[in-house]
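Read through the structure below, which is laid out as C-alpha cells, and then see the notes.
The values are calculated or read from the model by the stated rules, or taken from the named source; none is laboratory data. For clarity, every value in this text was computed on a predicted model and none was experimentally measured. FYI the Cβ positions are ideal-geometry reconstructions off the backbone, even for glycines, and counts take in every protein chain you see.
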Amino acid sequence: MVIKPKIRGFICTNAHPVGCAKSVENQINYVKSQNVKAKAEIEGPKNVLVIGCSTGYGLASRITSAFGFGAKTLGICFEKEPSERKTGTAGWYNTAAFHEQAKAEGLYAETMNGDAFSDEIKKAAIKKIKKDLGQVDLIIYSLASPRRTDPDTGEVYKSTLKPVGQGYTTKTYDTDKDKVHDITLEPANQDEIDQTVKVMGGEDWERWMVMLNEAGVVSENAKTTAYTYIGKELTWPIYGQATIGLAKEDLDRAATAIIDKLKGKNVSANVSSLKALVTQASSAIPVMPLYISLIYKVMKEEGTHEGCIEQIEGLFTSCLYAKAPATDDMNRYHMEGKETNDATQAKIKALWDKVTQDNFHELSDYAGYHHEFLNLFGFDIQGVDYEADVNPVVDWS
Ligand code: NAD
C-alpha cells in the first residue's frame with residue numbers, strides 16, 4: 001500500500017509505519033546523544049510504568065527511560081491495530097518500532113493496549129509487573145483523552161474545552177480551511193467543568209498509584225509524575241483558567257493525596273509543567289494551532305525551540321533525577337520557562353496582536369507547525385520513501 005496523509009479537520013486519520021519508525025529512531029538517537037546517565041545527579045529509573053506510552057510526551061518518557069537509562073519499560077496505550085486495508089494509528093506503529101529497537105538492544109519492553117481508566121488494565125498491569133519486574137520505581141502518567149468511563153459506576157464522562165465564568169472571543173486558526181478568524185467560546189456550565197475534571201483530573205492517576213501500592217508493586221522511594229500545561233495570559237482563557245486548567249489543577253490535589261496515601265513508601269509525586277507542542281492532543285484545542293505556530297516562530301528565532309524528546313530528557317536529568325530539583329509552591333517541576341518567560345511572551349503577544357488572515361504565513365511558523373503535525377503520523381520525515389509500497393500490518397511482540 002502507498003500511504004499518503006488523510007487529514008480530516010485537526011486530525012490525520014491514517015499513519016505511515018516506516019515514517020513512525022523513523023521518528024521513534026530519531027528520538028532514540030537524540031536521547032543516546034545526550035549522555036543522560038552522566039547528566040542525572042542521582043541513580044536513574046530501572047523499572048518504569050508509562051501510562052499513555054505511545055505518542056507525544058509519554059512516548060518521549062518511555063524512550064528516555066529505556067535508551068537514556070537502560071530501564072525496563074511497561075507501557076499502557078489505547079491504539080488501533082492495522083489491517084490489510086487500513087493503517088493502524090501512529091501510536092500503534094510507534095510502539096512496534098519502540099519494541100523492535102528495545103529488543104535489539106536487549107531492553108525489556110512490554111505494552112498493554114487497552115483502556116487505562118479501567119480497573120481491568122490496572123489489574124493486568126499489576127500482574128505483569130509482579131511476574132516480570134517485581135516492582136516499579138517510576139510511574140509516568142501521560143494520558144490525554146476526551147472521555148473516561150468511571151470504573152466504579154460505569155458512567156461515561158466527557159471533557160470539554162471551554163472557558164470558565166464568562167465567554168471568550170479570540171483569534172484562532174482553522175488548519176482545515178487555512179483561515180484566521182475570530183471564535184467565541186461560550187462558558188462551560190458546572191456539569192461540563194465537573195466532567196472535564198473527572199476525565200483529565202487526578203482521580204485516575206491517584207487510583208493507579210493506590211492500586212499499584214496495595215498490590216505491593218511500588219518500590220521504596222519510587223517517583224511518579226503527571227504532565228500539565230499551565231501557559232500564560234494568551235492561553236489562560238482557553239487553557240490554564242478554563243475547563244482543562246481546572247482539571248489540571250486537580251492533579252495538584254492528587255499529587256498530595258498520593259504522597260499521603262503512599263507515606264510508608266516515601267514516594268515522590270510531582271506534577272510536571274511542560275511547554276506547548278504539536279501533539280494529537282494539543283492540535284484538537286481551539287487557539288492552540290495559532291499560538292503554537294507563533295511560539296515556534298519566536299522560539300526558533302531565539303534558538304530555544306524544543307520538541308517532546310528535548311523537554312522530557314531535560315525533565316529527567318534536571319528534575320526527576322537531580323539532587324535538589326527546583327519546585328514551585330505546589331511542588332511542581334517546570335520545564336516550560338523558555339516559552340513562558342516575559343520577554344518571549346511579549347514577542348508572541350506582539351505577533352498575536354498583528355496576525356491576520358493576510359499576514360499569517362509570514363508572521364507565524366505554520367510551515368513548521370504543519371511539518372511537525374505530519375511527523376506525528378509518520379509523514380514528511382526525511383529519509384522515508386513515501387512512494388514505496390509498504391505493508392500496513394505491523395505487530396509488536
Ligand atoms: P498524546 O495525544 O500525544 O498522547 C496521549 C497518550 O494517551 C497516547 O499514548 C494514547 O494512546 C494514550 N491514551 C489516551 N486515552 C487512553 C486510554 N483510555 N487508555 C490508555 N491510553 C490512552 O498527548 P500529549 O500531548 O503527549 O499529552 C500527554 C500529557 O501531557 C497530557 O496530560 C497533556 O495534557 C500533557 N501536556 C501536553 C502538552 C502539549 O502541548 N501537547 C503540554 C503540556 C502538557
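Please note which strands (runs of 3 or more DSSP E) are completely contained in the range 149-220 and include at least 1 residues that are closer than 30 Å to residue 353 by Cα.
168-174, 179-185
Hey, can you tell me all the residues within the range 100-114 that are within 12 Å of the ligand (Cβ to nearest atom) and hydroxyl-bearing (Ser, Thr, Tyr)?
111
Take the residues in the range 68-91 that are out of contact with any Cys (no Cβ under 8 Å at 6 or more places or on another chain) and in a helix (DSSP H, G or I); name whichever of them is farthest from the ligand (Cβ to nearest atom).
69
Based on what the data block shows, is residue 272 within 11 Å of the ligand (Cβ to nearest atom) and under 29 Å from residue 90 (Cβ atoms)?
yes
Rundown of residues vs (1) over 18 Å from residue 24 (Cβ atoms); (2) of a type in the set (A, V, I, L, M, F, W, C), yes/no style:
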{"residue": "354", "(1), (2)": "yes, no"}
{"residue": "363", "(1), (2)": "yes, yes"}
{"residue": "370", "(1), (2)": "yes, no"}
{"residue": "382", "(1), (2)": "no, no"}
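Residues that are in contact (Cβ under 8 Å) with a residue 24 or more places away in the chain, touching a His at 6+ places or on another chain (Cβ under 9 Å) and of a type in the set (Ser, Thr, Tyr): find the helices (runs of 4 or more DSSP H) completely inside the range 235-343 holding 2 or more of those.
288-302
Do we have any residue at all in the range 32-48 that's outside any helix (DSSP H, G or I) and under 18 Å from the mean Cα position of the chain (by Cα)?
Checked the range 32-48: at least one residue is outside any helix (DSSP H, G or I) and under 18 Å from the mean Cα position of the chain (by Cα).
Considering the range 44-63 alone, what residues qualify as being near the ligand (Cβ under 8 Å from one of its atoms) and touching a strand residue (DSSP E or B) at 6+ places or on another chain (Cβ under 6 Å)?
The answer is 51, 53, 54, 57, 58.
Residues are listed down the side, and each one gets a yes or a no for (1) modelled with pLDDT of 95 or more; (2) more than 13 Å from the ligand (Cβ to nearest atom):
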| residue | (1), (2) |
| --- | --- |
| 335 | yes, no |
| 340 | yes, no |
| 347 | yes, yes |
| 351 | yes, yes |
| 356 | no, yes |
| 365 | yes, yes |
| 371 | yes, yes |
| 375 | yes, no |
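I'm checking my understanding of the structure. Among residues of the range 1-31 that are among the charged types (D, E, K, R) and part of a loop (DSSP other than H, G, I, E, B), which one is surrounded by the most Cβ atoms within 10 Å (Cβ to Cβ)?
Only one residue tops the list, namely 6.
State the number of residues belonging to the range 115-173 that are within 14 Å of the ligand (Cβ to nearest atom) and free of Cβ contacts under 8 Å to residues at least 12 places away in the same chain.
So the answer is 2.
For the range 74-91, indicate whether the set of residues that are polar (S, T, N, Q) and in contact with an Asp or Glu (Cβ under 7 Å, 6 or more places away or on another chain) is non-empty.
yes
Looking only at the range 346-397, filter to residues that are assigned to a loop (DSSP other than H, G, I, E, B) and of a type in the set (Phe, Trp, Tyr); which one of those is surrounded by the most Cβ atoms within 10 Å (Cβ to Cβ)?
Among them, the one singled out is 377.
Looking at (1) surrounded by fewer than 24 Cβ atoms within 10 Å (Cβ to Cβ); (2) more than 9 Å from the ligand (Cβ to nearest atom); (3) under 25 Å from residue 78 (Cβ atoms), which is the only condition residue 256 fails?
(3)
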